[in-house]
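Engineer: Quick one: the structure is below, and I'll ask about it shortly.
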Amino acid sequence: MEKQEIEKPQPLFKALDADDPDPETTEIESLCLNCGDNGITRLLLTKIPFYKEVVLMSFECEHCGFKNNEIQQGGQFEEKGVRITLHVNEPRDLNRQVIKSDYSSIKIPEIDFEIPSQSQKGEVTTVEGILERVCIALTQDQDQRREENPEIAENIDRFVEKIVGLKSLDSPFKMIFEDISGNLFVENPDHPHKDHNCETSLFVRSTEQNHLLGLYTQQEIASDDTAPSLPLPAPSQVKLEDFESEVLQFPTNCPECAAPCDTNMKLTKIPHFKEVVIMATNCDACGHRTNEVKAGGGIEELGLRLSVKVTDSDDLKRDILKSETCSLEVPELDLEVGPAALGGRFTTVEGLLCAIRDQLAEKGGMFTDSETFSARGKMAQFLERIDAIVKGQTQVTLVLDDPAGNSYIQSLNDDNSLDDRLTVSKYERTHEQNDDLGLNDMKTENYEES
């Protein structure tokens, strides 16, 4: 009797490949808003490296020739919103590729201009493309305005001249992007090195912003009179000791392809530090594996900055805990890694460097099919420099900056006192850092309750 082969589950969001003969597009007959006849909408579920899952939509009407392209998020909303401030100082800044969602707003302070959130559909474009789209939208009905409202038409002409001046880069300007969904990306032309013309910060959404995204807490749902009443779960009889000795498993979706998979979770304690939660996910569809660590002790009173000089193999073997709120920096490489890039990890210094190298080598640039030869060469040189550090041929300084104070680097001394190559300092968080951690909102809620 022949064994039946179990069909392997396929990823919902496949990597976009120009050589793929079957990209699995879906065609839907839909109404053309230009002429009223039916056209064809094509949908493609794919993922963009260093970004996330997206749904590409392309509409074309064979009757009037109208075409439209749009991008929508295929994954979940991020835990925090994102704000990116781009200083446009040179022509290559105009060529930066930008991915924005329906909830992205754009401000240009120099000309007192703003594109509100939800006024445009999500798209993949460039900084220059954003300015060009503004010019096209403003000049669309200018001939009619000149006849009916000459004064308004003249004001619009003057404003369009300002936009054209920005496109010509007559003077440097600043472009501020903000997205409450967190689904926003601005290309770094110096990737993988630090972007000196771009500043990125995360912020905690307000209650109104969460409601705008359709996000509600359990308390809000329960307090809604129209919501169905759900039975309360029975009190748990599981003791803390049993929880610490068990490996819990719960269903989730793969962060790489969104296919259903399982995540294992285990509570453990790091010697000389604190309790942490280790989470591991293995996807059978795409083979993706993740190991993530979350601090189990909450947010510390002070932020923490740790610095270690990596000079030999002993330094590479140090245990290291990088929390999900911790950013990483290697000044000698001009490398800066944000808190969300690698997530939370409990590994060694060598393992952390290898994780950075492997992620860059695997995913490469953001748009690999249009990547220039110069960019490929720059990436190859950067990976060689990381390999030299891992082999002990180059000495560098590894800096961890964690506003939540939940990161750790092992000391080489037996009594766990700081050795001569490890420095640890604590600092008061700024108002912006407290805002990123959601502490300002907690203080406001406590004040209102009291």
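Engineer: Let me check the size of the stretch 80-230 from its C-alpha atoms; what are the radius of gyration and Dmax in Å?
Structural biologist: Rg then Dmax for the stretch 80-230, in Å: 19.2, 62.
Engineer: Okay, next question. What accessible area, in Å² to the nearest ten, does a 1.4 Å probe give for THR423?
Structural biologist: Solvent-accessible area, nearest 10 Å²: 80 Å².
Engineer: State in Å² the accessible area per residue of the stretch 61-144; use a 1.4 Å probe, count heavy atoms of protein chains only, and round to the nearest integer.
Structural biologist: Per-residue value: 53 Å².
Engineer: By the gyration tensor of its Cα atoms, with a ≥ b ≥ c the square roots of the eigenvalues, what is the shape of the stretch 278-323: rounded for a/c under 1.5, prolate for a/b over b/c, or oblate?
Structural biologist: Oblate shape, in that a/c is at least 1.5 and b/c is the bigger or equal ratio.
Engineer: Find out how many positive minus negative residues lie around ALA388, taking Lys and Arg as positive, Asp and Glu as negative, among other residues whose Cβ is under 12 Å from that of ALA388.
Structural biologist: 0
Engineer: Right, here's the next one. Could you give the accessible area per residue of the stretch 251-331, probe 1.4 Å, as a whole number in Å²?
Structural biologist: With all protein chains present, the stretch 251-331 gives 48 Å² per residue.
Engineer: Based on alpha-carbon positions alone, could you give the equivalent ellipsoid semi-axes of the stretch 57-97 from the gyration tensor, as √(5λ), descending, whole Å?
Structural biologist: Semi-axes from the Cα gyration tensor: 31, 22, 6 Å.
Engineer: Just by accessible area at a 1.4 angstrom probe, what is the order of ASP436, ASP414 from largest to smallest?
Structural biologist: Result of the area sort, largest leading: ASP414, ASP436.
Engineer: When only Cα pairs under 8 Å and 6 or more residues apart are kept, what is the percent relative contact order across the stretch 83-218?
Structural biologist: It comes to 41 percent, rounded to a whole number.
Engineer: Binning at 5 Å from 0, report for the stretch 143-217 what percent of all alpha-carbon pair distances ends up in each bin.
Structural biologist: Percent of pairs per bin, in order: 3, 11, 13, 11, 13, 11, 13, 13, 8, 3, 1.
Engineer: Same structure again: Given Cβ point charges of +1 (Lys, Arg) and -1 (Asp, Glu) and nothing else, what value in debye, to the nearest 20, does the dipole of the stretch 288-344 about its Cα centre take?
Structural biologist: So the dipole magnitude of the stretch 288-344 works out to roughly 240 debye.
Engineer: Sort CYS326, CYS286 from largest to smallest accessible area, using a 1.4 Å probe on the heavy atoms of the protein chains.
Structural biologist: CYS286, CYS326
The values are calculated or read from the model by the stated rules, or taken from the named source; none is laboratory data. Model, not experiment: these values are computed from the prediction. For neighbour counting, all protein chains shown are included, and Cβ atoms are generated from backbone atoms with ideal geometry for every residue, glycine included. The area values use the complete protein model at the heavy-atom level, side chains included, leaving out ligands, DNA and RNA. Shrake-Rupley method; radii C 1.70, N 1.55, O 1.52, S 1.80 Å.
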